[in-house]
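Please read the structure below before turning to the comments.
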Amino acid sequence: MATAMTGEMIVNVPILVPAQLQAAQSMIPAYPELILGLSIAIIMMVDLFLPKERKVVLLWLALIALALTGIMSAALLVSGARGYAFTNMFVADPMANLLKIGAYVAVAATFIYSRRYLVERDLLTGEFVILSLFALLGIMVMISSNHFVLLYLGLELLSLSLYALVALNRDSAVSTEAAIKYFVLGALASGLLLYGLSMVYGATGDLDISVVAKSIASGQAKKQMVLFGLVFIVAGLAFKLGVVPFHMWIPDVYHGAPTAMTLMIGAAPKLAGFAIAIRLLVNGLIGVAADWQGMLVIMAVLSMGLGNLAAIAQTNLKRMLAYSTISHMGFMLLGLLSGVVDGNRLNAVDAYGSAMFYAITYVITTLASFGMILLMARKGFEAENLDDFRGLNTRNPWFAWMMLIIMFSLVGVPPTVGFYAKFAVLQAAVAANMIWLAVVAVLFSLIGAFYYLRMVKIMFMEEPTDTTPITSDSGAHALLSINGLALLFLGLAPGGLMALCAFAMKASI
């Protein structure tokens, strides 16, 4: 602190000493999290003074906060550097920054799609906005975790926020039931993951993911204990991704939660699930890749099989999309399990990059599919059954064509991005000499085409049962158009995003 004389007044001028400057610079990788945390605090204070009818202001403040964090993450991504904070517990590498930008887009789109839906049902409260941002903060912490403790803190911050969001409509018995199921099963999965992490800590003597990897590679770790912990870690990850046999929560939670909350659960958290799979399995436990690859193969086949077969029997669109999620997460596992072949990691960047591309494009497609349900819904009408879309082409041709693009992308029909995403992970599986697994995936995709194309038939070839005019929020309408056309554009020109994913993986694994 320096002292300056101005006339008779003494002014103390603070001087940033080198140690303080160094500390400030060391926090740069975590600036997006700090900006979002400060924004949450500001929004919580503003919420205290806003009347109920003006809570929409909180959504706009949240969108501004997301824009600021997005700019910071984009700047870190463009730099291409890998930065550490909090004594190497936190890492901001290109993979983390790219996934965070995807999460910001997903949460921002959820806010825009959900505005009218929430207002009509008196669910647009400060709690919704704040819990959603806390969930995003948990996602960001998980994505940048380089330490078991920080990863688990991020996981719990995300999970507890989502449990509360599902139960936010306290007058709905269905939502309350879904929240209880989600909480009980989620707590069990978190316990399994924590137990597995503790076993790995006991085997290696460290909680730092990079140190754990070195310990296993050097043979210093107790391998039997590592493998024992690995089983529980994979089980916990499987629950977060929603793959068989830890999938049972997805249909009930997707169906029971208000559609706005379903979209919050089904989009951005998938990026966090992918990130912790990379952090734990690839960055930390690559030395026992042969063991966790075997488990992922079984989960991938079961997920694609059960997800596609069970979806055929559904008449509720949200449940159908829930089972579709299970099958798509099984498809994404194809990329994760193809990176290492007999100890050879030459295929790693392409395989993990294809899995990352699949995760990001699936989130974009999920935003569009549930966004369509939110736009179709109105007060007293949820638009969540297949029959609610009957004859949509005669009621609103633009919505019908957007939904057709969405369904085609989920099937994997060219020229939508879903085709290229599936082709990329299948190519990774073939490169890993798992041709039989690629054949199985293609067969299950053909089965899955039935229920997606059934939706197209309902919209274009059947007479509407409801002739009520479809009205929508202009902002959400514009976003749906951008969202749907993005599925076409990324399918026609996937090279840019694919190259970005490959760059991120090469710099991060």
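Structural remarks
- Between the listed residues Asn396, Trp436, Gly448, the Cα displaced farthest toward the positive end of the dipole of region 377-449, a dipole computed from Cβ unit charges relative to the Cα centre, is found at Asn396.
- Geometric descriptor of region 360-429, per residue, is 93 Å³ (volume of the convex hull of the Cα atoms).
- Of the trypsin sites (Lys or Arg not before Pro) found in region 89-171, the ones in coil according to DSSP and having at most 14 other Cβ atoms within 10 Å of their Cβ are Arg170.
- Ignoring the sites themselves, the chain has its longest run without GluC sites (Glu not before Pro) in a DSSP loop having at most 16 other Cβ atoms within 10 Å at 9-461.
- Among the listed pairs Lys181/Lys506; Lys214/Lys422; Lys214/Lys240; Lys222/Lys270, a Cα-Cα separation exceeding 29 Å is found for Lys181/Lys506; Lys214/Lys422; Lys222/Lys270.
- Under the simplified labelling scheme, the Ala478-Lys181 pair shows an inter-label distance of 3.8 nm, with each label point 7 Å from Cα along Cα→Cβ.
- Potential extension, Glu120-Asn385 segment - 0.36 nm per residue separation minus Cα distance: 93.5 nm
- Rolling a 1.4 Å probe across the protein heavy atoms gives the chain an accessible surface of 39 Å² per residue.
- Relative contact order (percent, whole number), the chain, Cα cutoff 8 Å, 6+ residue spacing: 14
- With 10 Å bins from 0: P(r) over region 62-155, alpha-carbon pairs, percent: 16, 42, 29, 11, 2
- Qualifying trypsin sites (Lys or Arg not before Pro) in region 322-423, where qualification requires a DSSP coil assignment and no more than 13 other C-beta atoms within 10 Å, comprise Lys379.
- Share of carbon and sulfur in the accessible area of the chain stands at 69%, probe radius 1.4 Å.
- Residue-count net charge about Ala449 - beta-carbon cut-off 14 Å; Lys, Arg +1, Asp, Glu -1: +3
- The residue among Val78, Ala267, Leu48 whose Cα reaches farthest toward the positive pole of the charge dipole of the chain, with charges on the beta-carbon of Lys, Arg, Asp and Glu, is Val78.
- Segment Tyr195-Leu302, extension gain: residue separation times 0.36 nm, minus the distance between their alpha carbons: 36.0 nm
The values are calculated or read from the model by the stated rules, or taken from the named source; none is laboratory data. What you see is a predicted model, and the numbers here were worked out from it, not measured in a lab. Here Cβ is always computed from backbone atoms with ideal geometry, including for glycine, and neighbour counts include all displayed protein chains. Heads up: the accessible areas ignore ligands, DNA and RNA and are worked out on the full protein's heavy atoms, side chains in. Shrake-Rupley method; radii C 1.70, N 1.55, O 1.52, S 1.80 Å.
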